[in-house]
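Following: one structure in structure tokens, then a few remarks.
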Amino acid sequence: MKLRVLAILVALVTPLLAGPPMTTLTIQVTDTEGRPVDHADVIVRFKGNRSAKKLGRKTPVSWEMRSNQSGTAKIPPIPQGTIEIQVIAKNYQTFGDDFEVNEDEKTIPIQLKAPQQQYSVH
């Protein structure tokens, strides 16, 4: 009987001690014609979920990298949840948006637009 109760306790406590589920993230940066954009600055911020273990405080986590010649930026495993992606590249408009990641592996395509002409109201 005691062994059965111990097994049930271990089964209930083990998921609480395990880390959060992780996602391996790949970001593919292209222009409007589908050509890869290399040397684009890619910033990923984990906005995440609030943790009861940490009394509701968020864990600030961010990564900064550049896309390679094929327009790809690979992020090491990150916790699943809400992330913010910002992409900055010379001769393109800055991109920024939030994404939900819940898979083990995910590829997010980002399409950068050419800058718009400036105009004046006066």
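The values are calculated or read from the model by the stated rules, or taken from the named source; none is laboratory data. From a predicted model like this one, the values you see are computed outputs, not experimental measurements. Neighbour counts run over all protein chains shown; Cβ positions are idealised from the backbone, glycine included.
So the values come out like this:
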quantity: Unmet criterion (only one of (1) of a type in the set (Val, Ile, Thr); (2) over 30 Å from Gln117 (Cβ atoms); (3) modelled with pLDDT of 90 or more) for Ile8; calculated: (3)
quantity: Matching strands (runs of 3 or more DSSP E) fully within the stretch 55-122 where at least 1 residues are within 18 Å of Pro36 (Cβ to Cβ) and touching a residue at least 24 places away in the same chain (Cβ under 8 Å); calculated: 61-66, 72-79, 81-88, 105-112
quantity: Total residues in the stretch 76-95, condition more than 13 Å from Ala40 (Cα to Cα), surrounded by 12 or more Cβ atoms within 10 Å (Cβ to Cβ) and not charged (D, E, K, R); calculated: 7
quantity: Residues satisfying the stated conditions in the stretch 25-37, i.e. exposed (fewer than 15 other Cβ atoms within 10 Å of the Cβ) and within 17 Å of Gln93 (Cβ to Cβ); calculated: Thr32, Glu33, Gly34, Arg35
quantity: Subset tally (residues that are of a type in the set (Ser, Thr, Tyr) and touching a Gly at 6+ places or on another chain (Cβ under 7 Å)) for the stretch 24-42; calculated: 1
quantity: Residue identified as in contact with a Phe, Trp or Tyr (Cβ under 6 Å, 6 or more places away or on another chain) and modelled with pLDDT of 90 or more among Val37, Val29, Val87; calculated: Val87
quantity: The one condition in (1) in contact with a strand residue (DSSP E or B) (Cβ under 6 Å, 6 or more places away or on another chain); (2) of a type in the set (Lys, Arg); (3) modelled with pLDDT under 85 that Arg57 fails to fulfil; calculated: (1)
